[in-house]
1. Can you work out ³J(HN,Hα) from phi for every residue in the stretch 118-131, in order, using Karplus 6.51 cos²θ - 1.76 cosθ + 1.60 and θ = phi - 60°, giving whole Hz and x for Gly and Pro?
2. Could you give each residue of the stretch 87-95 its phi-based ³J(HN,Hα) in whole Hz, using Karplus coefficients 6.51, -1.76, 1.60 with θ = phi - 60°, and x for Gly or Pro?
3. State whether the stretch 124-268 is rounded, prolate or oblate according to the following rule on the C-alpha gyration tensor (a ≥ b ≥ c being the square roots of its eigenvalues): a/c under 1.5 gives rounded; otherwise a/b larger than b/c gives prolate, and the remaining case gives oblate.
4. Just flag the chymotrypsin sites (Phe, Trp or Tyr not before Pro) in the stretch 134-198 sitting in loop per DSSP whose Cβ has no more than 10 other Cβ atoms within 10 Å.
5. What are the ³J(HN,Hα) couplings of the stretch 197-211, residue after residue, when phi is run through the Karplus curve with 6.51, -1.76, 1.60 and θ = phi - 60°? Round to Hz, x for glycine and proline.
Amino acid sequence: MSRPNPVSAARRAQTRRRIWGDEAVAEPALQGINDSAVKPARHRRDVRAALLIGLPLAFLMVVAGLLAGSMTDWRFGLASPPADAPPPPPPDPLAALPEQLKARLTAPAPEVPAILKLSFSGSPHDLCVELAILGLPNKGWHPDPYHVGHWQCSSELVEIGPSTVDGGPTTMFFLLRGRDEATADHLRLKLNGANIDTFGTGRKMMVDVLQALSRRYAWAIPGRFLDAIATPQRLEMTDRGVRLSVAPEDPNLTGDPSANRRINVIVDFGEPDLIRPARGFEHNDGRKPARR
């Protein structure tokens with residue numbers, strides 16, 4: 001009969017202790033067994049346990065690293081999408097034109113310098129009626145007998161106050177002209193202060209006429225223009241394209257000391273700028289247009 005193997009018995013004892021949790025208690029049957037017989041088996045068991053625990057843990061770490069890398073790439077992809085290529089520039093709209101014409105169209109300075117101008121946009125017929133209401137009676141807006149195609153209205157001499165012993169009364173008249181029936185572009189007022197006592201009244205009436213027209217037709221007449229009439233003093237100025245003039249006569253030129261009491265006042269709107277002949281808009285290629 002064979003004798004029992006002490007190593008196998010030791011292994012079975014260790015298995016029982018590991019299963020039942022009493023590994024710290026040594027069984028009596030194993031008391032006195034040499035430890036050198038158990039060490040190789042214990043070493044192999046520890047290696048297998050390390051492999052069983054380490055391999056799955058390493059596998060999980062690799063998988064986690066791959067997932068982390070893929071998530072990082074996915075996030076960067078959303079945050080920084082590839083930039084689109086810039087669109088091509090549009091074609092030059094002037095490419096088909098001659099070089100000389102392109103140079104004129106793209107020149108930094110305007111071909112015809114112009115400024116914005118005030119213009120009288122009211123009815124000249126109504127303006128003549130307004131002047132009559134203000135004390136300057138007239139025959140209304142009618143064709144100019146001296147300029148074909150032009151229109152005008154004017155008053156006779158209007159007396160302002162009584163006459164003097166040495167001369168006549170202070171008088172005033174107006175002349176309104178236009179280049180056609182629908183346009184008034186020139187107003188002239190003439191004051192003759194023959195009576196020095198009523199000369200100031202005549203100047204005030206002249207200012208009242210201009211102020212009334214300014215309110216009615218929105219003529220923004222500068223204050224220093226009205227002040228020059230009230231003084232009176234010579235003044236030449238331009239306001240937003242409108243020429244304004246106050247011109248007392250010079251006694252030194254006429255030899256008459258009372259000449260400075262004769263005053264001409266002019267409001268000249270003139271013609272608007274930016275009016276060019278029609279031929280300026282034609283493209284001249286050296287050929288005459290065909291007759292139809």
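1. 6, 9, 7, 9, x, 7, x, 4, 5, 5, 5, 5, 4, 5
2. x, x, x, x, x, 6, x, 9, 4
3. prolate
4. Those that pass, being in a loop and sparsely packed, are Tyr146.
5. With coefficients 6.51, -1.76 and 1.60, one gets 6, 10, 4, x, 5, x, 5, 5, 5, 4, 5, 4, 4, 5, 5 Hz.
Read the figures in this text as sums done on the coordinates, not as results from a lab. As the structure is a computational prediction, the values presented were derived from the model and not from experiment. All Cβ positions, glycine included, derive from the backbone under ideal geometry; neighbour counts span all protein chains shown.
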